[in-house]
Amino acid sequence: MRLADLITTLDPAKAGSEMHALATRLYPICRSISGPGLRETLGILGESMPLKTFEVASGTEVFDWTVPKEWTLRDAWIKNAKGEKVVDFAKSNLHVMGYSVPVRAKLPLSELRARLHSLPDHPDWIPYRSSYYKDTWGFCLTQKQLDSLPDGEYEVCIDSTLADGSLTYAECFLPGSSQDEILLFCHACHPSLANDNLSGMAVAAQLAGLLQKAERRHSFRIVFAPTVIGSIVWLHQNEAGTARIKHGYTLALLGDSGQIQYKRSREGDAPVDRAMAHVLKQSGKPHVMRPFTPYGYDERQFNSPGFALPVGCLMRSPNGTFPEYHNSGDNLAFIKPDSLADSLLTAASALAVLEGDGVFINQNPKCEPRLGKRGIYDGLKGKNSLGDTELALLWILNQSDGRHSLLDIAEKAGMAFATVRRAADALEGCGLLKPA
Ligand code: ZN
């Protein structure tokens, strides 16, 4: 079955709750840009798709960057003078600044303060902080926790290891009839944050499920890696293969209740952009099309001039535009099964356009062919208007001179791509249409 047909069999409520359940399972894991939490996450994702993991050693030079040391965090806490834990990693992995070096010390609050991060404007939320390229340590806590700490001596412990190891990424490769590839990329390095980016991983996992069942034209490569350094490592290790990538999307922030927003590729009007624009317009739902900017997620590495891969970013509320961004407010209640399902349908529909698009030639170009005698046209006279499928037949026959793709025709006719694709199948079936 084609992806387009599989989409019609999808139960959004079931898919939404499955995605939320996956996010719930991954949420407690302490992830970072390397280390056991990242590996455990990739292991879970690999239960539902053929996922191959790759390890790249610390110190490996990747373009202008270096793969950092591997970070493992076992425990961390701050104890007050009475020996009570006032901040405890066991309660939230956001309490420890990512990549904190090990520390065991006693120090007064006046000194400890410089190591403590909070959000005065949102006193109940724990911020998410990390420091990958500087040897330092720190804790994150709510403003309320911070305000409740009396002056005095505190004992701190960060039981971590920062040592030579490796950075992990994983790929699910699903071959198609063509070697041309569609890349889907999710960052998988954030700790307990739901929208950023368990939502992206959950949507990608459902897409992987659909694509495994689909009859595929393109080959699909779904990559899970740490953000920034992960996509740079991936591009470095796979540079030779990037010529096969014809289309791509990064998937992030797909579970909040905001409207869908799509950031175009650097090219701006690449097939990925046109496919997504078409799907969003046809959905009739409010959405935002954003121009490319060299900021945001890993699309900026793929779109760098040395690669110039057409990769857009599908998201809902963009990074930095909602108060829950990068803090404990981005929890499992913040992501909604309905939103996840809507994001999934949008992504799958755009992929179905890329899979189904093509340029054809009308084999009977001199005047209209008689469709009735070929059994693909309801020849009933006296109807005031044609059905969509019949109109699509006429549009395709008229436009298929080798210069217009099915997506061009769908756009020109103001019709859903799926309708045009179905009509093209009927015309191909009776020999009136052939691929250009
Ligand atoms: Zn983030």
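Once you have a ≥ b ≥ c as the square roots of the Cα gyration tensor eigenvalues for the stretch 72-163, tell me rounded if a/c is under 1.5, and otherwise prolate or oblate according to whether a/b is larger than b/c. The partial results should precede the final answer.
Details: a/c = 1.62, a/b = 1.20, b/c = 1.36.
Oblate.
Compare the Cα positions of 350, 415, 22 along the charge dipole of the chain (+1 at Cβ of Lys, Arg; -1 at Cβ of Asp, Glu; about the Cα centre) and return the one farthest towards the positive end.
Projecting each Cα onto the dipole axis, the largest value belongs to 415.
Helix 388-399 versus the longest principal axis of the chain: what angle, 0 to 90°, nearest 10, using Cα atoms?
Roughly 80 degrees, rounded to the nearest 10.
I'd like to compare 300-312, 245-257, 214-226: which one has the highest average count of other Cβ atoms within 10 Å, and what's the full order after that? Walk me through the intermediate numbers first.
On the way: 300-312: 19.8, 245-257: 24.8, 214-226: 22.3.
Going from most to least packed, we get 245-257, 214-226, 300-312.
Taking H placed 1.01 Å from N in the peptide plane, check which residues at least 5 places from residue 86 or on another chain put their amide H under 5 Å from its amide H.
Excluding prolines and chain starts, which carry no amide H, the hits are 78, 79, 80.
Arranged from highest to lowest average of other beta-carbon atoms within 10 Å per residue, in what order do the peptides 367-377, 46-56 appear?
Working: 367-377: 13.5, 46-56: 15.4.
Descending packing order for the listed peptides: 46-56, 367-377.
Using the alpha-carbon centroid of each, what span in Å lies between the stretch 80-115 and the stretch 127-162?
4
Which length gain, in nm to one decimal place, applies between residue 386 and residue 21 when the Cα-Cα distance is subtracted from 0.36 nm times their residue separation?
Stretched fully, the residue 386-residue 21 segment lengthens by 126.9 nm.
Search the structure for amide H atoms under 5 Å from the amide H of residue 303, placed 1.01 Å from N in the peptide plane, and list their residues when 5 or more places away or on another chain.
Long-range HN contacts for residue 303: 309.
Tell me, what ³J(HN,Hα) does each residue in the stretch 416-432 have, in order and in whole Hz, if you take phi through Karplus 6.51 cos²θ - 1.76 cosθ + 1.60 with θ = phi - 60° and put x for Gly and Pro?
5, 4, 4, 5, 5, 4, 4, 5, 5, 4, 5, 5, 5, x, 9, x, 7
Can you work out ³J(HN,Hα) from phi for every residue in the stretch 355-370, in order, using Karplus 6.51 cos²θ - 1.76 cosθ + 1.60 and θ = phi - 60°, giving whole Hz and x for Gly and Pro?
Listing the rounded values in order: 5, x, 6, x, 10, 10, 10, 5, 7, 9, x, 8, 6, 5, x, 7 Hz.
Which value, in debye to the nearest 20, describes the size of the charge dipole of the stretch 192-296 about its Cα centre when Lys and Arg Cβ atoms bear +1, Asp and Glu Cβ atoms bear -1, and nothing else is charged? Mind dumping the intermediate values first?
Numbers: 13 positive and 7 negative charges, 71 e Å.
For the stretch 192-296, the charge dipole is close to 340 debye.
Give the angle, between 0 and 90 degrees and rounded to the nearest 10, that separates the Cα long axis of helix 12-26 from the longest principal axis of the Cα atoms of the chain.
The angle comes out near 30 degrees.
Per the Kirkwood formula on distinct C-alpha pairs, the Rh of the chain is how many angstrom? Don't skip to the answer; put the middle values down first.
Details: mean 1/r = 0.0423 Å⁻¹.
After inverting the mean inverse Cα-Cα distance, the result is 23.7 Å.
Could you tell me how far the Cα centroid of the stretch 1-68 sits from the Cα centroid of the stretch 285-340, in Å?
Here the answer is 17 Å between Cα centres.
Using θ = phi - 60° and the Karplus form 6.51 cos²θ - 1.76 cosθ + 1.60, what ³J(HN,Hα) does each residue of the stretch 327-335 get, whole Hz, x for Gly and Pro?
Working through the residues one at a time gives 7, 5, x, 7, 10, 5, 6, 6, 9 Hz.
Could you work out how far helix 271-283 tilts from the main Cα principal axis of the chain, as a 0 to 90 degree angle to the nearest 10?
The helix 271-283 is inclined about 80 degrees to the chain.
In whole angstrom, note down how far apart the Cα centers of the stretch 410-436 and the stretch 169-214 are.
Centre-to-centre distance over Cα atoms comes out at 29 Å.
Given charges of +1 on the Cβ of Lys and Arg and -1 on the Cβ of Asp and Glu, with all other atoms neutral, how large is the dipole of the chain about its Cα centre, in debye to the nearest 20?
Working: 46 positive and 49 negative charges, 206 e Å.
Taking the Cα centre of the chain as origin, the dipole is about 980 debye.
Points 7 angstrom from Cα along the Cβ direction at residue 10 and residue 430: gap in nanometres?
The answer from the label model is 3.2 nm.
Under 5 Å between amide hydrogens, which residues at least 5 positions from residue 261 or on another chain qualify, with H placed 1.01 Å from N in the peptide plane?
Counting only residues 5 or more places away or on other chains, the set is 288, 315, 316.
None of the figures in this text is laboratory data; all of them are computed from the coordinates on show. Note that the coordinates shown come from a computational prediction; the quantities given were computed from them, not determined experimentally. So basically every Cβ, Gly included, is an ideal-geometry build from the backbone, and we count neighbours across all protein chains shown.
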